[in-house]
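Chemist: Input: one structure, supplied below.
The values are calculated or read from the model by the stated rules, or taken from the named source; none is laboratory data. Not measured: the values here are computed from a predicted model. Positions of Cβ are backbone-derived with ideal geometry, glycine not excepted, and every protein chain shown enters the neighbour counts.
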Amino acid sequence: MAKSPPQSRKRAAKRTAKPKIAKPGRTLSRNDSAELLARIAGALERLAPQAKPTLDFSSAEAFVWHPEVQQLAAVRRVNRVDMSLLKGIERVRDLLVENTERFARGLPANNALLWGARGMGKSSLVKAAHASIGAAYPEAGLKLIEIHREDIESLPELMALMRNARERFIVFCDDLSFDADDTSYKSLKTMLEGGIEGRPENVIFYATSNRRHLLAREMVENERSTAINPGEAVEEKVSLSDRFGLWLGFHRCSQDEYLAMVEGYIERHRIPIAPQELRREALEWATTRGARSGRVAWQYVQDLAGRLGVKVGS
């Protein structure tokens, strides 16, 4: 039988040759070792949780909490009005400013619930108090942290970020309320007073709501009608408001207070209009809106300024 040419035998050997398997105890080459170490390091890096960037609270005076990424986003310019423009709420204004001042000085202060009529300056007062006291006590490093109502369950993570910080924080939730199928209010109750760790010494919680007890009336009535012990069920719901040591009620303003709000804005922004004409237009505007409030006053002033070609800020 004729023998295969040498080259044909070599090609056949290459096709049938099995890959070499490293034997136990085999010493890897320098290149193989470097490649293996690089693969191990890459795998460990992928498994390790990403390091959270260090928060620089000095970068801004206010932040918004984003729980989905566990981050605080700096607010470069806070949308607020000057304290002097808040008319008809002098009593609650003084109470909140005093409470905020005590907190900035490191003295005992209460969580505050600002509740009542719409458009009467609840959230504006919180932002104005923060600005006023922050400027008066710069050494406190007073920061305003906004948390949205739907993110209340993430309060423990937010508190953990602030607990060991040097600064002092007002955690602010605007328009706080709970629906019938919402149980996140229990997380808020625990964070306000009842948890093992308790509220950090450098954190205070301010909330605004149109409801005094934060819960819709039908929720309370439903609990009363379906519970085995109606009294205990209602207590469970209503006790949320009790965790706020300071309750500040906002009520609908009188006609004179409404006109004072309008005149304050007119004077601040130097809008030229005769007093009698201003009074007539402002009252007509409130009548068409069916309400008198600080919000309605500002909306009228914006309309007037637009008609007269005058630029105004917030």
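Chemist: Just checking, which of VAL78, VAL97, VAL64 is touching a strand residue (DSSP E or B) at 6+ places or on another chain (Cβ under 7 Å) and modelled with pLDDT of 95 or more?
Modeler: After ruling out the rest, the residue left standing is VAL64.
Chemist: Please verify whether SER132 is touching an Asp or Glu at 6+ places or on another chain (Cβ under 7 Å) and part of a helix (DSSP H, G or I), treating the condition exactly as stated.
Modeler: For SER132, the condition - touching an Asp or Glu at 6+ places or on another chain (Cβ under 7 Å) and part of a helix (DSSP H, G or I) - is not met.
Chemist: Does SER84 qualify as being assigned to a helix (DSSP H, G or I), within 30 Å of ARG252 (Cβ to Cβ) and at pLDDT 95 or above?
Modeler: Taking the combined requirement at face value, the residue does not satisfy it.
Chemist: Among the residues of the stretch 87-146, write down those that are charged (D, E, K, R) and over 29 Å from GLU263 (Cβ atoms).
Modeler: ARG102, ARG105, GLU139, LYS143, GLU146
Chemist: Scan (1) modelled with pLDDT of 95 or more; (2) within 23 Å of the chain's Cα centre (by Cα) for the single condition THR54 breaks and write down its number.
Modeler: In the conditions (1) modelled with pLDDT of 95 or more; (2) within 23 Å of the chain's Cα centre (by Cα), THR54 misses (1) alone.
Chemist: Additional query: Just the residues that are in contact with a strand residue (DSSP E or B) (Cβ under 9 Å, 6 or more places away or on another chain) and either over 14 Å from ILE89 (Cβ atoms) or of a type in the set (D, E, K, R) (or both), please, taken from the stretch 251-269.
Modeler: Within the stretch 251-269, just ARG252 meets the criteria.
Chemist: Scan the stretch 161-175 for residues that are assigned to a strand (DSSP E or B) and in contact with a Ser or Thr (Cβ under 9 Å, 6 or more places away or on another chain) and jot them down.
Modeler: Within the stretch 161-175, ILE170, PHE172, CYS173 meet the criteria.
Chemist: Same structure again: Say we look at the stretch 240-290 and pick out the residues that are among the aromatic types (Phe, Trp, Tyr) and part of a helix (DSSP H, G or I); which of these is farthest from LEU96 (Cα to Cα)?
Modeler: Only one residue tops the list, namely TRP285.
Chemist: Also, I was wondering about something else. Somewhere in the stretch 225-239, is a residue modelled with pLDDT of 90 or more and of a type in the set (S, T, N, Q)?
Modeler: There is no residue in the stretch 225-239 that is modelled with pLDDT of 90 or more and of a type in the set (S, T, N, Q).
Chemist: In the stretch 282-314, what residues are polar (S, T, N, Q) and under 27 Å from the mean Cα position of the chain (by Cα)?
Modeler: Answer for the stretch 282-314, where residues must be polar (S, T, N, Q) and under 27 Å from the mean Cα position of the chain (by Cα): SER293, GLN299, SER314.
Chemist: Kindly indicate which of GLY121, GLY116 is within 19 Å of the chain's Cα centre (by Cα) and either at pLDDT below 95 or assigned by TED's automatic domain parsing to the domain that holds ALA260 (or both).
Modeler: Sole residue among the options that is within 19 Å of the chain's Cα centre (by Cα) and either at pLDDT below 95 or assigned by TED's automatic domain parsing to the domain that holds ALA260 (or both): GLY121.
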